[in-house]
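This report concerns only the one structure given below.
We did not get these values from a lab; they are worked out from the coordinates using the rules stated. Worth saying up front: this structure is predicted, and the values here are computed from it rather than measured. Backbone-built Cβ (ideal geometry, glycine too); neighbour counts: all protein chains shown.
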Amino acid sequence: MSATLVIKDLHVSVEGKEILRGLNLEINKGETHAIMGPNGSGKSTLANTLMGHPTYEVTEGEIWFKGQTIIELSPDERSRLGLFLAFQYPSAIPGVSVASFLRTAVNARYPQPDPASNGNGQLKGMSMREFRRLLKEKMEMLKMDPSFARRYLNDGFSGGEKKRMEVLQMAMLRPEIAILDETDSGLDIDAVRVVSEGVNQLAGPDLGVLVITHYQRILNYIKPEHVHILVNGKIVMSGGPELALELEEKGYDWIKEAQVGSSK
Ligand SMILES: Nc1ncnc2c1ncn2[C@@H]1O[C@H](COP(=O)(O)OP(=O)(O)OP(=O)(O)O)[C@@H](O)[C@H]1O
Ligand SMILES: [Mg+2]
């Protein structure tokens with residue numbers, strides 16, 4: 001059996017410039033992986049490419065999710081298959097409330113047959129009552145004030161509120177593989193804990209998580225079994241949680257030097 005998400009020799013260019021240069025990674029449901037790496041090494045590029053952002057051109061390599069190749073799929077199709085990305089910089093959508101955004105997203109991911117359509121295939125989403133119950137439960141889990149549901153999506157949200165919103169979306173969509181791009185940046189110490197606990201409550205045998213972070217701090221809560229270091233568009237080192245501690249202590253120079261040494 002191959003892994004849930006398989007990335008093979010991935011090369012990605014942005015506006016003609018190669019950013020990812022032969023990246024390999026496999027993630028299974030039930031596993032937690034962390035990617036760390038210097039600014040500009042290509043971490044968000046990897047996340048955006050996995051979700052099918054049109055700016056990121058796959059020039060070589062393969063991406064397989066649940067046994068199918070997904071490079072040709074739209075972001076929407078990937079989301080429906082169970083891939084999820086929490087953005088490093090989520091956008092605001094003034095005029096669309098959190099609740100209505102989430103309802104649309106949930107219904108797109110889990111279309112249910114409309115009992116009134118007499119089996120002619122028309123689809124209808126979850127009932128309003130069921131949706132409200134689910135939303136309330138998840139917002140309580142993330143310690144979000146109920147008034148958030150009525151606010152416009154990310155409009156005027158603080159940095160911490162935006163990150164909680166991303167995890168709320170993940171909780172509602174129940175993906176199979178979730179990529180969290182710097183979900184900890186800009187969070188105060190309590191918020192890192194609340195957001196991590198939220199992710200941990202969602203974690204289990206049905207979810208694989210890829211956490212992109214600069215800091216070991218979040219890894220005290222979301223405990224990855226695998227830590228990968230991305231430098232210059234490639235994973236140059238993989239290890240266990242101890243690798244994150246080593247990085248915090250020593251920075252990236254020793255890895256960059258080891259790379260130069262090994263390519264001689
Ligand atoms: N949409 C884009 N348009 C132009 N250049 C881009 C775009 N996305 C990424 N790049 C370039 O690709 C390189 C890698 O960027 P990326 O955002 O993937 O880095 P990162 O590892 O996530 O960095 P950080 O730790 O700062 O978030 C950078 O040089 C960046 O300018
Ligand atoms: Mg980034």
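Under 11 Å from the Cβ of K43, count the other residues' Cβ atoms, weight Lys and Arg +1, Asp and Glu -1, and hand me the total.
Summing Lys/Arg as +1 and Asp/Glu as -1 gives -2.
Evaluate E = 1/(1 + (r/R0)^6) for Q68 and Y110, where r is the Cβ-Cβ distance and R0 equals 25 Å; express this FRET efficiency to the nearest 0.05.
0.85
Enumerate the lysines that K138 could reach by cross-link, defined here as Cα to Cα under 24 Å, with residues fewer than 8 away along the same chain left out.
By straight Cα distance, K138 reaches K29, K124, K162, K163, K223.
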